[in-house]
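**Student:** Quick one: structure below, then a few questions.
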Amino acid sequence: MPIAVAGCGALTAAGPGLASLLAAVAANASALQTRAYVLGRTTQAIVAGYVPADVVAALRAADPAHADARAFLFAAAALDEAAANAGDRLAAVPPARRGFVLATTKANIDALDQLVRRQPVSTVAQRQLQPALLAADLAARCACRGPVQCVSAACVSGLLALGQGVALIRRGLADAVWVAGVDLISHFVLAGFTALKSLDPEGCRPFDRARVGLSLGEGAGAVILVRADLLAPPHIRLKGTGSSNDANHLTGPSRDGSGLALAIQRALAAARLAPDQIDFINAHGTGTPYNDNMEALALRSVFGERVPPFNSNKGLTGHLLGAAGVLETTLCVAALQTGRLPGTPRLRERDPVAPASLLAEPRAADRLERVLKINCGFAGTNAALILERYPS
Amino acid sequence: MNPPAVLAASYLGPEGFGNDLTGLRPWPWPLAEELARGELAGLHWSLLSASDPSRFLRMDLMCRLGFMAVELLDAHFEARPAVQRDRLGVCVESFTGSLDTDIRFAQTPRPSIFAYTLPSTVIGEICIRFGFRGPVLSLVAARPGGENAGTEAAAWLATGEADLALCLSLEALNPSTARTLPLPPALAPCLWHGAALLLGREDGSPRAKPFLAGPLAAACQRWVCR
């Protein structure tokens, strides 16, 4: 059963809505900024993709009941935009036939930071510390009364969640599924990544010769999936997904890229496509030396020396962890809709290890029918997803 | 295509541990009393095996439970060829997830435990030990019991994404950890357990039994306590 994308939404460091994000993509801009955090006994300047303070303030003012539940506010904003973009095309789907899948690593982790510091925190913010309860609250807000799931699988959560959305529709449990991804920059997450020495103090530079680490990001992405027969063409279809495990290391990628290659091959098989039918790849591209090396190897392993044009948007938004897959899928949908390929913000000099088809700047595509989206995460997880313009 | 079958089942919980071959065995005293109180620090690999996997001592409670549940399956994964392990998927479901480790990390951030602040880390530990490279999924549920893990793992078999699938239900929030914070009632510790099913296609082996839908933990208990 074909599955189509009915609407997308986003909230990122670039501002509220897809329009701000796509404007930054078109300008190949970076929304990374520096803020000071007290981590342990030191104050550190952290370059990351923070949702602007005025945007957060506006969301809080509009929904005071969730004022200290940023994960809910961020995801709700992205979901509202996705539903608005879908418009009345979803009117035929009753609430009982609407499923919901949330992707997140730490849900409303702010609440744990506040509990540990013995600071006041609302009951709802504490409740939404549990990812599935956050999913249930968001599903109720979106009037999704069908099946609700929550995927928490590190940085592949988003792509796995989209795969679950497809599965729920194909199994006949829903006609449409709201898929959201959300994660926050918090003391908890910053303490972890600074302890691992994974952050680039100047801001990430994916696939750059001088890259030294990643930049965190926060925000949300949302994609509404629907049975394709309920959505008149032209539209974008989700053709196939695949996942794998490296069986190699908990916090680092496999050195040979074979696990990611396996996930890509599984997505291609599920979509019944050959590698040469892929026109563009949105890479994971975190900016860590090991990740970007591994991805380059995986892409060469699957595509040989004819790797399609590819990019990373982490230099724009930072790494949204569990939300990355959903957010980056919205960018892939936009690329298919506009025929324009995004660049790789903050790239100065391509590392020779990266295939020469790396996109430094945005440009019009020669051909853009199918897009591959890939993510990798802690615990050796890899995921891939393929989108297609229909009719092609 | 044949419907999925349960090829092996295992369970660890306050009342004991075992698999579908051994049935449920009681914990040795005085560990049994600690475990009955929900204090899990005494759960150790040596209860299952004389071998000493060095990774075990680094793991958090959730990973230890998952690791032990898979070991308890008595499925001899190491003997399977690599091609079969590439086609073995792992699906984990939990309500409390990594909350025990989250709380400890939030109180005392240490790099060595940060990797365990994800409910999916247990998948990595299991895959590293046995070389599994099939599809993966980590679900956090709104209640304990593993209602979805079995369904999702069975779906991999039905769609051909995997030939074998491990599904686990894990709950490992130590009450002594939970007591350190004023957690809301919605996040109160539930009964701890580690339960695992190995699903495959009916292979004619004496252990293969029809796959029953329903909460995974209940299914495991049913097999183990047959």
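**Student:** With everything on Cα atoms, drop me the angle between helix B:121-130 and the longest principal axis of chain B, reported from 0 to 90° to the nearest 10.
**Tutor:** Its long axis makes an angle of about 50 degrees.
**Student:** Provide a whole-number value for the mean count of partner chain Cβ atoms within 10 Å of the Cβ atoms in peptide B:122-129. Walk me through the numbers on the way to the answer.
**Tutor:** Numbers: counts 1, 7, 13, 3, 3, 9, 8, 1.
The shielding value for this peptide is 6.
**Student:** So, by mean Cβ neighbours within 10 angstrom, what's the order for A:369-382, B:84-97 with the highest one leading? Write out the running numbers ahead of the final one.
**Tutor:** Details: A:369-382: 27.9, B:84-97: 25.6.
Ranking, from highest mean packing down: A:369-382, B:84-97.
**Student:** Same structure again: Could you work out the relative contact order of the range A:3-230? I mean the mean sequence separation of Cα pairs under 8 Å and 6+ apart, divided by the number of residues, in percent.
**Tutor:** Numbers: 488 pairs, mean separation 67.5, N = 228.
For the range A:3-230, the relative contact order is 30 percent.
**Student:** For chain A, what's the relative contact order in percent, using C-alpha pairs closer than 8 Å and at least 6 residues apart? Can you show the working numbers first?
**Tutor:** Details: 1069 pairs, mean separation 90.4, N = 392.
That works out to 23 percent.
**Student:** A further question on this structure: Mind telling me which of B:L199, B:L65, B:L40 comes out most flexible in a GNM of chain B, alpha-carbon contacts under 10 Å?
**Tutor:** Comparing B:L199, B:L65, B:L40 in a Gaussian network model of chain B, the most mobile one is B:L40.
**Student:** Here's something else I'd like to know. For the peptides A:129-138, B:172-181, what is the packing order when you average, over each peptide's residues, the other Cβ atoms within 10 Å and list the highest mean first? Write down the numbers at each step before the final one.
**Tutor:** On the way: A:129-138: 25.3, B:172-181: 18.7.
By packing density, highest mean first, the sequence is A:129-138, B:172-181.
**Student:** For the range A:235-390, what does the relative contact order come out to in percent, with C-alpha contacts under 8 Å and a separation of six or more?
**Tutor:** Numbers: 329 pairs, mean separation 59.6, N = 156.
Reported as a whole number, the value is 38 percent.
**Student:** Over the whole of A:130-143, what's the average partner chain Cβ count within 10 Å per residue? Rounded to a whole number, please. Intermediate results must be reported in sequence, preceding the final value.
**Tutor:** Details: counts 11, 7, 9, 8, 2, 3, 1, 0, 0, 0, 0, 0, 0, 0.
So the per-residue partner count for this stretch is 3.
**Student:** While we're looking at this one, here's another question. Take the alpha carbon gyration tensor of the range A:121-200, find the square roots of its eigenvalues, order them as a ≥ b ≥ c, and report rounded if a/c is under 1.5; if not, report prolate when a/b exceeds b/c, else oblate.
**Tutor:** On the way: a/c = 3.64, a/b = 1.58, b/c = 2.30.
The shape class here is oblate.
**Student:** Within the protein assembly as shown, count lysine pairs with alpha carbon atoms under 23 angstrom apart where the residues are 8 or more positions apart or belong to different chains. Don't skip to the end; give the middle numbers.
**Tutor:** Details: A:K106/A:K197; A:K106/A:K314; A:K106/A:K373; A:K197/A:K314; A:K239/A:K373; A:K314/A:K373.
Lysine pairs meeting both conditions in the protein assembly as shown amount to 6.
**Student:** Read phi for every residue in the range A:375-392 and hand back ³J(HN,Hα) as whole Hz from Karplus 6.51 cos²θ - 1.76 cosθ + 1.60, θ = phi - 60°, with x for Gly and Pro.
**Tutor:** 9, 9, x, 3, 6, x, 8, 9, 8, 9, 8, 10, 10, 9, 6, 10, x, 7
**Student:** OK, next. Please sort A:292-303, A:345-356, B:153-164 by packing, taking for each peptide the average over its residues of neighbouring beta carbons within 10 angstrom, highest first. Display every interim value, and only then the final one.
**Tutor:** On the way: A:292-303: 22.6, A:345-356: 17.4, B:153-164: 20.2.
Highest-to-lowest ranking by the protection proxy: A:292-303, B:153-164, A:345-356.
**Student:** A further question follows. Counting only helical runs of four or more DSSP H residues, what would the 222 nm mean residue ellipticity of the protein assembly as shown come to if each run contributes -39,500 (n - 2.57) and the total is spread over all its residues? Provide the component values of the computation, followed by the final result.
**Tutor:** On the way: 21 runs with 200 residues, N = 618.
Result for the protein assembly as shown, helices only: -9500 deg cm²/dmol.
Every number here is computed from the coordinates shown, using simple stated rules; none is lab data. Computed from a predicted structure; not experimentally measured. In this analysis, Cβ positions are derived from the backbone assuming ideal geometry, glycine residues included, and neighbour counts consider all displayed protein chains.
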